[in-house]
Structure formats: structure tokens, C-alpha cells
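Participant: Take this structure first; my questions come after.
A short reminder: the numbers here are calculations on the coordinates, not readings from a lab. The structure displayed is predicted, hence computed values, not measured ones. Cβ coordinates were reconstructed from backbone atoms using ideal geometry, including for glycine residues, and neighbour counts include every protein chain displayed.
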Amino acid sequence: MKRRHVLQGLGALAAGAGLSRAPVASAATTASAASAGVPSPAAGAADDGRRRIRINGADLHYSIAGEDNAHPLIVLHGGRGQGQHGSVFAAHLPLADRYRVIGFDMRGHGHSSLTPPYTFDQIVDDIEQLRLTLGGGGKMVLSGGSFGGFIALSYAVKYPQGLSHLVLRGTAPSYRHEEEAIANFHARAEAKAPAATRAMLDKVFAPTIVDDEEFRLIMFALAPMYLPEGAKPDYDRILENSRKGIYRAKVHNDLYLPEVWHAYDVVDRLKDIPVPTLVICGESDWICDPAQSRQIAAGIPGAKLVVVPGADHAVPPDVLLRETRTLLGA
């Protein structure tokens, strides 16, 4: 469980090295996409056995389960420039009994193609096309945490008509959350992650990471910050996760360009999100402080807030699954 808890952090080293294979989208899915007026993309297994679909010019690596179900549920990984969908997809697999569960590596991440532009708006448009193609065109449940939560909120204000439900875990509604993250870092880093420095954190919050290897080393040093309070770091496991991770400094940097990152502020639009919403976070989340989740829940009409005792940036998969089922009545 501890390993899955680290992977589920969707921040440092949450690249999800073990990716789930899944069958290609069914003929019924393709027909639904065509009926939605969207060109049917070529989807299937590449030579390496991974499933890929061409979306808006990018080849996206994806997994799918429960594809005979009509109601799509798309899950978003975290880890800007370093995330992969394997662990978050696995956490939601039990919902394939009633939902068409889809996970994918965002463009420039994991095993998806390095196809710019790397912007919030482009990724949001990619999600909309995934809903219309692999998702069959129906209203979807969208679940995202950390950076994936930023993207989920960006989707919700641009394409509210595409949603039936929204799940936001350990995330924030604005780039301004950095101020609390920096304060939390200074309060906890000496005890939790003594190898991490403020200069490293500054690079995580800026478009200045030199190359992929510097990115990997910075996230290795920061990894213990994402563990639950009191948890002892298993550095051998952190090393293995770091070795298996895929780090893209260029993607990270582009997503932190001021014209991209400082445009992310949906605080004043939370009131316009019209669907049942779960907001869930750890009570000790250092990088997306619980105050951010409280702000989201207060802004979205009728949203439910769950603060998980003892958890940091990661939300334990069993708790996330239980609360998601409650939201969905599943």
C-alpha cells in the first residue's frame, strides 16, 4: 500500500511507472464519435504494445476499461512535465463495472508524443476530443489531482456541457497557491526532505529547469515532501521510481511560462461550474494547501469537501474510490 500511496501522490515521482494495458476502443465507440461529428481517429496498439490515439495532431498513450459502458470517466494524472497515467488509472479501475474508464498521458508526458504546444488550453481541447472519441460523446465524469486538477478545472469552465460530475483531489484554483507551498516548504523541508533546497523549489515553480536530468534529480530530492506526516522515506524505492520516471524539462518549462501559468486563475468562475463536485485533499498537503480545496469547495455550488486526516499531497486510493462512488451513487 505504501508504494501505491507514493505513486498516487501525482506530484514528485508520481509518474506511475507500471502502465496498465487495455484493449482498443470498440467499434461502437468509433461509431459514437462519428455521430458526434468528430473525425474518427486511428486508435490501436503501436509496435511497443501500448495503445495510442491521434488527437489534435498528438499521439496520446491511453488505457481504457469498461468500454461497453456508455458513461465515460476520464482520469487525469498530475506531475507537470513528469506525470503518467498508470497509477491513477489503476486506482479507478474498480469503477469500470459501471463506467468507461479512460486514462491517458497528456501530450509531452510519459509515452505520448512530444507534440507542442504545451499549454493548459491545448490539453483541455485534447480532453474534449477524447470525450468525443474514446468516450463515445456522452457527458463524462472528470477526475484530476494536483496539476491534473488544474486541467480539470480549466476544462470545467471551458466545456461545462461535457461534464456530468467533477472530482478534484489535492489541487488549487489559481497559480497563487505557490505562496502557501513555499511557506509550507520552509516549515517542513529540513525535517522531511533535507536534501531539497529552496533553489530547487524555485525551479519547480518556474520555466528554468536546465534539462531532463536536472529535473529528475530535483524531484528525487523533493520526493519525501510528498509522504504522509511521520512516514519514513524508503530511498531505495524513491530511487527506483526516479529511475523509471520520464522527465521532460521542455514540457515543464513551457507549462510554467508566465503567459501560460499566470493565466490560470478560475477563482471567479467556480460559481459557474454546474455539476456535482467532490473536492478531496490531505489535511497536511504541502504543495496544494488544504485552504485551496476549501476555496474551491466554497466556490462551486453544492460541492462536497473531504479532508483526509494524516494524508499529505496523496489521497489514499481506497479513500478516493470510496468518496468517488458516493458522489456518483455507484
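Participant: Test of understanding: what is the full-extension gain from Ala195 to Asp318, defined as 0.36 nm times their sequence separation minus their Cα-Cα distance? Intermediate values should be presented prior to the final figure.
Facilitator: Details: separation 123, 0.36 × 123 = 44.28 nm, distance 3.10 nm.
Residue separation times 0.36 nm, minus the Cα-Cα distance, leaves 41.2 nm.
Participant: For the chain, set up a GNM with springs between Cα atoms under 10 Å and report which of Asp97, Asp68, Asp48 has the largest fluctuation.
Facilitator: Asp48
Participant: Sticking with this structure for a sec: Along the Cα-to-Cβ line of Ala231, 7 Å from the Cα, sits a label point; which residues in the stretch 63-79 have backbone N less than 16 Å from it?
Facilitator: 78-79
Participant: Going highest first, how would you order 251-260, 191-200, 55-64 by mean Cβ packing within 10 Å? Walk me through the numbers before you get to the answer.
Facilitator: On the way: 251-260: 18.3, 191-200: 15.2, 55-64: 21.7.
Ranked from most to least packed, the peptides come out as 55-64, 251-260, 191-200.
Participant: If you average the sequence gap of Cα pairs under 8 Å that are 6 or more apart and divide by the length of the chain, what percent do you get for the contact order? Write down the numbers at each step before the final one.
Facilitator: Details: 739 pairs, mean separation 66.6, N = 330.
Relative contact order of the chain: 20 percent.
Participant: Further, regarding this structure: What does the extension gain come out to for Arg188 and Glu213, with contour length at 0.36 nm per residue minus their alpha carbon separation? Write out the running numbers ahead of the final one.
Facilitator: Details: separation 25, 0.36 × 25 = 9.00 nm, distance 2.53 nm.
The Arg188-Glu213 span can extend by a further 6.5 nm.
Participant: Something else: Note down the nm distance, to one decimal, between modelled labels 7 Å out along Cα→Cβ at Gln161 and at Val307.
Facilitator: Inter-label distance under the simple model: 3.8 nm.
Participant: Sticking with this structure for a sec: Evaluate the charge dipole of the chain about its Cα centre and quote only its size in Debye, nearest 20, assuming +1 on the Cβ of each Lys and Arg and -1 on the Cβ of each Asp and Glu. Please report the intermediate quantities before stating the final value.
Facilitator: Working: 34 positive and 35 negative charges, 145 e Å.
For the chain, the charge dipole is close to 700 debye.
Participant: Starting from the Cα of Lys139, draw a straight line to each of the aspartates and glutamates and keep only those under 18 Å, dropping any in the same chain fewer than 8 residues away.
Facilitator: Here the aspartates and glutamates satisfying the reach criterion relative to Lys139 are Glu67, Asp68, Asp97, Asp125, Asp126, Glu128, Asp272.
Participant: Can you pull the one-decimal nm distance between simple spin-label points at Lys139 and Leu257, each 7 Å off the Cα toward Cβ?
Facilitator: Distance between the two pseudo-spin positions: 3.6 nm.
Participant: Could you identify which residue out of Gln292, Gln84, Gln161 has the top mean-square fluctuation in a GNM of the chain using Cα springs shorter than 10 Å?
Facilitator: Evaluated over the chain, the most mobile residue of the options is Gln161.
Participant: Let me ask another. So in the chain, what percent of DSSP beta bridges are antiparallel if you round to the nearest 5? Mind dumping the intermediate values first?
Facilitator: Working: 13 of 36 bridges.
So the antiparallel bridges amount to about 35 percent of the total.
Participant: For the chain, what is the mean residue ellipticity at 222 nm derived from helices alone (per DSSP H run of n ≥ 4: -39500 (n - 2.57); sum divided by total residues; nearest 500 deg cm²/dmol)? Let's see the in-between values first.
Facilitator: Values: 13 runs with 123 residues, N = 330.
It comes out at -10500 deg cm²/dmol, rounded to the nearest 500.
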